[in-house]
Structure formats: structure tokens, C-alpha cells
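Undergrad: Before I ask anything, here is the structure I am working with.
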Amino acid sequence: MASIIEEIKEKIDIVDFLRGYLEIKPAGKNFKALCPFHQEKTPSFIISPDRQIWHCFGVCSEGGDVFKFLMKHENIEFHEALKTLAEKAGIDLKRLSPADQREFGVLYDLHRAASDFFRAQLEKSKVAKEYLFSRSLKKEIIDEFALGFSPNNFEDLTVHLINLGFDIKDIARAGLAIKSEKGRYFDRFRGRIIFPLLNNLGKTVGFSGRILPALENQETAKYLNSPETPIFSKSRILFGIYQAKKSINENKFVLLVEGYMDVILAHQDGVKNSVGTSGTALTRDHLKILKRHTNNLILCFDNDLAGQQTTERSIDLAHENDFDIKILDLNRFSSKENFYKDPGDLVKASPGLLKNLVLKAETSMNYYLSRYLGEENFSNKKQNLRFVLGKAKTLASSLDRHYWISEISERTKIREKDLLEEIEKLPVVSSLSFSRIQSPVEEVCKKASRKELISERFLAIVNFREELKPKFEELMVSGQLKDYLPLKYFEIAECLVSGEAPKNEETANFYDLICLESSLVDGDKLKIEEEFNDLVRCLQIEFLSEKKENLADLIKKTEKSEDDSIEGLKEYLKEFQTIAKKIDELKIKPKT
């Protein structure tokens, strides 16, 4: 299979192929285009003809090869993309070996056999069944969703599948077993409640496992998922879609929740048109799947800050994909006596209530007005008002915009004329961009640190401009960059000096991104050289700032120490002052 895939990629030039989908322009030795997977005005989608890959450096951060692009753009499975690209490349898939021809069938067979095994183990496990019953699940719903259990042993499933005649390499390829450094295979899922993940046709394509509470510890992930395989991609699977699609078609809307238990309990409570995002953020692929059944979407996420942020991001993404959206905000129906932290909690506390509350879901603008312009939020009134006005500005219909301006005026007692003047001052951005940048509740998400961002830009510039290489090599020889750059960036720096490709796969992937990002570097020789020098200064400042923080900690510890360490304290203070002075000097940009 691997040789066929590589042959297809060799015969199909990724740049020529993507020209059929995008307006592509040269960008140095690479090419750039507007990303087709999110709205943008400045191209951030970079294509590398050398490496035959693409990557978006914008909001969506998607990337991959020609297969990944076709799968994502057309919302198709791998085997469909394989068939399409093989035909385009003039390659006869009948050339596949018998083993290759059976790969997809084997993967489906393995998952069906594993699901049967997990279900049988659940029947044998009193502890696992008691856990599910303690979560208010009834036997009928456990059977409907084919929930299972993986014993806390190393080889139970693997041995069972081998005894059924499956090859160990196929078992590992399916993600059901993992090969240790010593060459032994062991089960991926151990001591976990198993949630089978079904595709739209009802075939099991993966699993998610929830560790039993008795086995929870800091080193063990609460949830463990199947890895990506030719039949499974987490961003393209909605938990419960197979069980829910009939009800979605009948009711003309879908209720989208977060967790596996939320979906199952909602179905048990009669809201059978409920699906979940399988523990990941809502994606465009998820929305494409839902669009086959309905354009009407109700969001009901966890009743906390993270759930609110997820709701706002999902609203924007769904609006961009032309969904009619309503929000079931559990906070509206919670009280001190009855606080509902998620839909599953609501079902357990008040059976039958979810079905009624779904009918009371509010529009997204009503949700924003309640969240940001309620009486309890008046301390941040100006910031929140600008946020809500920004949301109103993104509405496609002028009638809708004027209606909501009127509502905002009524709620805030600010004249519509003044609100219209204020809204005109706001930048014109997509709703998704506005949510990411402007939301007053958006916490700092998991992203690169300032030092990493500086390092990434620094290496991209060095890779872009050959004339900067001598200066760069001087810094490498002096040993300064080993101090300044985080380890993974320093490994890339060594590759840029030696001209050799990274040996480590993770470093190689990161190196590819740096090379692609070089295509976004813009400016004349003098400006680029000036930026290079500025980035070196910034790296120095980051390095010295870290030293300064470490010294500050040492000084505090020394001051609290009962030992006679006055001389040591003096040395620390002296070094602290020297570093602080150096940082201040570096912050003054040299005149050019």
C-alpha cells in the first residue's frame, strides 16, 4: 500500500493538482493561496513543491499532503481519495497485492471483532457495569451504543484477535495494539470503559476508552482514543451520528453536545437527535456530515468558562457554514439548588427536562446579549458592548442587524444612533476571527510561547535570505544560539547550517513548517536584515529575562534561609542588577 501511495504522490504534482481548487501565486521557492478551509483576506496557505506538502499558517492550522487535501476538501474517506488520485495518476489499483486489497476489509473486521470482545468483557465485569449504572445508564442504552470494557491486562484483546486468525501487524495497524521498544505487543486499551466510534454507515472505525475511576492517576489519561488510521479520523467522526440520523431527519434539527455520556444520556432521555464531537473541537468536516441531514443546529455544551468559549467558537464556525443556530445555555436554567454542569448532569438530575428545554433554545444573538449585557456584567459594560456590536456587525442580513441594534439599545438605554456610529468604527472581520480576537472571556489557549514564536520567525527569515547565513553561522559557532533557542528550534538551526535533513520524524515535520513559513517572509533586503537583528535582540532579552527570574527566586530563597549566606545574597543581587541593566539596554533599539 505504501509503495502505491508514494507512486501516486510522485506522479501527481501537488502544485498542479491544487491549481484546480485554488488561485495559486509564487512565494519564493514555494507557492501561496487563500486557505479554502477558513475565511481570510491575506494568503496564509503555503504549498511546497519540494516536499509535496501544504500547510495553513492562519486560523485553522491544517496541513498535509495531496491525499489529506482531497479528503478534507471533498469530505471523503481515504479509500475514496485513493481511488480518485490513482485514476488521475493513471495507476491501476488492481496492481495492489492481495494483502493491500484486503487492508480496509481487515481493519473493519478487526474493529468489529474488538467491539464484540469488549462487549463480552463488560458482561463479565461487575465493577465496569456498576460504574455505568452509577452514571444513570440503563441496560437498553448500554446495548444500543454497544458499550464495552477492556480488562486491565496487557494482552487480552491482542491474544483474542490472534486466536481468531488476525495478523499481529494488522492489529497494530488498526491501533488496537502497540509495539514496545523490546518488540512485544500490548493492548492499547486497558482498564477502560469502551465507547465504539461508528461512521455514518454504522461500521465501527475506532474506539474511545474512559479509565475506570479506581485506576485514575496523574500519569494516566482519563480518555484514550484510537489513532488515525485509513478508516478513522477523529475530526470526521461525530459520536452517535449513526444512532441519531433517523431522528435528525425526522425532527429537522440536531442537538450537539460535548461528551460521550452527554450523547448517550440525551438519547436515553428521548432526545435521540443528539450527537457529540468525540472529545475534539467542532470542525468543518463535522458540519459537512451534519449538513447531509439538517441546517438547524442547537448547541448545548458544558456550563463553565471552557464550555462558553467552545460555544462561541462553534457559533462562528457554524454561521460561516450557513447553519441556523440556537443555543441551549444550561446556565439560564440552573440555580444554587440545581446547577447543571453539562447535559448529562441535567438528565440525571431531572429526567425528561432536556426535551422541554431544547424547545427553549435561544438565538445566538440572544445568547450573546444574555451573556455580555446582563446586569451582572455591567462592570465590563464598554468592552462587552463592543464585543456584542461586533457580533451584530457580522450578521449577513441588514434587517437582522437593525433588529439587534434595536434590542441592544433597549437593553443598554443607549441611543440607536450612537450604537450605529460605534459599530461603524469596528473593523470588518469574519465572525470566526472576531471571536478569536475579541471575546472578553477568551483565555490564553495552548499556543507557542513568546520565545518560541520569536525563534520560529527567526529561523524562517534565515531560511528565506541566503545573505543572512554568515551572520547566523557566527551566532551558531559562538554558542549563543544554543542558549537562546529552545531545543527543538536549535535542532532546526543545526540543520540549516549543515544542510542535512533532520533525522527525527517530529523534528523533520517541524522543519517542513519552518521552510513553508519562509514563504510568508516579505520585505526588501534592508528591512529583513533589520528584522533579523531585532529578533536576535529579542532572543537575548528572553534568555536574560529567564536568568533574571531564576535569580529572583534564588534571592527570595536565600533571604528566607536561616544559614549565614549574606555573601551569596550580595552576589545574587549584583548579578541581578547587571542583567536588569543589560535588558534595559537591549530594549533600546539601535538607530540605523
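Undergrad: Can you say whether Ile408 is aliphatic (A, V, I, L, M), modelled with pLDDT of 85 or more, more than 20 Å from Val275 (Cβ to Cβ) and surrounded by 15 or more Cβ atoms within 10 Å (Cβ to Cβ), as far as the supplied structure shows?
TA: Considered against the rule, which asks whether it is aliphatic (A, V, I, L, M), modelled with pLDDT of 85 or more, more than 20 Å from Val275 (Cβ to Cβ) and surrounded by 15 or more Cβ atoms within 10 Å (Cβ to Cβ), Ile408 comes out as yes.
Undergrad: Show the residue pairs meeting these rules: Cβ distance below 7 Å; 6+ apart or different chains; first residue within segment 80-101 and assigned by TED's automatic domain parsing to the domain that holds Asp13 and surrounded by fewer than 14 Cβ atoms within 10 Å (Cβ to Cβ); second residue part of a helix (DSSP H, G or I) and at pLDDT below 80.
TA: Once the first residue is assigned by TED's automatic domain parsing to the domain that holds Asp13 and surrounded by fewer than 14 Cβ atoms within 10 Å (Cβ to Cβ) and sits in segment 80-101, its partners that are part of a helix (DSSP H, G or I) and at pLDDT below 80 give Lys83/Leu93.
Undergrad: Consider segment 118-130. How many of its residues are buried (at least 18 other Cβ atoms within 10 Å of the Cβ) and under 31 Å from the mean Cα position of the chain (by Cα)?
TA: Of the residues in segment 118-130, 2 are buried (at least 18 other Cβ atoms within 10 Å of the Cβ) and under 31 Å from the mean Cα position of the chain (by Cα).
Undergrad: Continuing with the same structure: Only one of these conditions is not met by Val15: (1) within 24 Å of Ala460 (Cα to Cα); (2) part of a loop (DSSP other than H, G, I, E, B); (3) out of contact with any helix residue (DSSP H, G or I) (no Cβ under 9 Å at 6 or more places or on another chain). Which number is it?
TA: Result: Val15 fails condition (2) only.
Undergrad: For segment 228-267: of the residues being among the β-branched types (Val, Ile, Thr) and part of a helix (DSSP H, G or I), which is nearest to Leu122 (Cα to Cα)?
TA: Of everything passing the filter in segment 228-267, Ile264 is nearest to Leu122 (Cα to Cα).
Undergrad: Report those strands (runs of 3 or more DSSP E) wholly inside segment 133-227 carrying at least 2 residues which are at pLDDT 95 or above and crowded, with 22+ Cβ neighbours inside 10 Å.
TA: Ranges flagged: 148-150, 192-198, 204-211.
Undergrad: Only one residue in Lys336, Lys326, Lys360, Lys341 is outside any helix (DSSP H, G or I) and touching a strand residue (DSSP E or B) at 6+ places or on another chain (Cβ under 9 Å), so which one is that?
TA: Answer to the check: Lys326.
Undergrad: Turning to a different aspect of this structure: Would you say Arg190 is within 27 Å of the chain's Cα centre (by Cα), more than 20 Å from Pro230 (Cα to Cα) and of a type in the set (D, E, K, R)?
TA: So Arg190 passes the test.
Undergrad: Shifting gears a bit: Show me the helices (runs of 4 or more DSSP H) entirely contained within segment 58-113 in which 1 or more residues are modelled with pLDDT under 85 and among the small types (Gly, Ala, Ser). Don't jump to the end; show me each part of the working.
TA: Details: elements: 66-74, 78-89, 98-101.
Hits in segment 58-113: 98-101.
Undergrad: If we keep just the residues of segment 270-288 that are among the aliphatic types (A, V, I, L, M) and crowded, with 20+ Cβ neighbours inside 10 Å, which is nearest to the chain's Cα centre (by Cα)?
TA: Checked segment 270-288; the qualifying residue nearest to the chain's Cα centre (by Cα) is Leu282.
Undergrad: Let me ask something else about it. Quick one: which residue in Ile211, Ile141 is touching a helix residue (DSSP H, G or I) at 6+ places or on another chain (Cβ under 6 Å) and not assigned by TED's automatic domain parsing to the domain that holds Thr280?
TA: Just a single option satisfies the conditions, and that option is Ile141.
Undergrad: Tell me the helices (runs of 4 or more DSSP H) entirely within segment 455-521 that contain at least 2 residues that are under 24 Å from the mean Cα position of the chain (by Cα).
TA: 487-498, 505-517
The values are calculated or read from the model by the stated rules, or taken from the named source; none is laboratory data. Just so we're clear, the structure is a prediction, and the values are computed from it rather than from any experiment. With ideal geometry, Cβ positions are generated from the backbone for all residues, glycine too; neighbour counts draw on all protein chains shown.
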